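Read the structure below first, then the notes.
Throughout, read-outs are computed from the coordinates displayed, never taken from laboratory work. Model, not experiment: these values are computed from the prediction.
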Amino acid sequence: MTCRLWEPRIQLWLDNELPEEEAVRVRQHLKRCAACRAEVEEQKKAMQNLKAEWEKTQASPNFRERTQARLLTAFSEHLHPVPNSEWQWTLPLLKEEEV
């Protein structure tokens, strides 16, 4: 098996989304493959950098209210009130011919 075939598994492993037996296989591969280990380290650094920047980011004042208003305007002709629902509005399901 080439490392190209391991790439999707390694990403899933980094995201903790693999079943344990598959995660074991990835860890065993990483012990043998320096190229994949280097890729894992690069991915970890990138994730740490993104997380650090994300934590610094704050939404502008009234972001939620402005976004909600824009969505309601954009979808107003498709929205229908739903009686006795915890959701105030719903979008109708598209019929196959509308897709």
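Here are some notes:
- Table column - 3J(HN,Hα) (Hz), region 4-18, Karplus curve with 6.51, -1.76, 1.60, x for Gly and Pro: 4, 6, 7, 3, x, 5, 5, 5, 4, 4, 4, 8, 6, 10, 9
- A cut-off of 5 Å between modelled amide H atoms, ignoring neighbours fewer than 5 places along the same chain, links Leu18 with no other residue.
- Whole-Hz ³J(HN,Hα) from phi, Karplus 6.51 cos²θ - 1.76 cosθ + 1.60, for region 25-31, glycine and proline x: 5, 5, 4, 5, 4, 5, 5
- Descending semi-axes in whole angstrom, ellipsoid equivalent of region 1-87, from the Cα gyration tensor: 43, 20, 11
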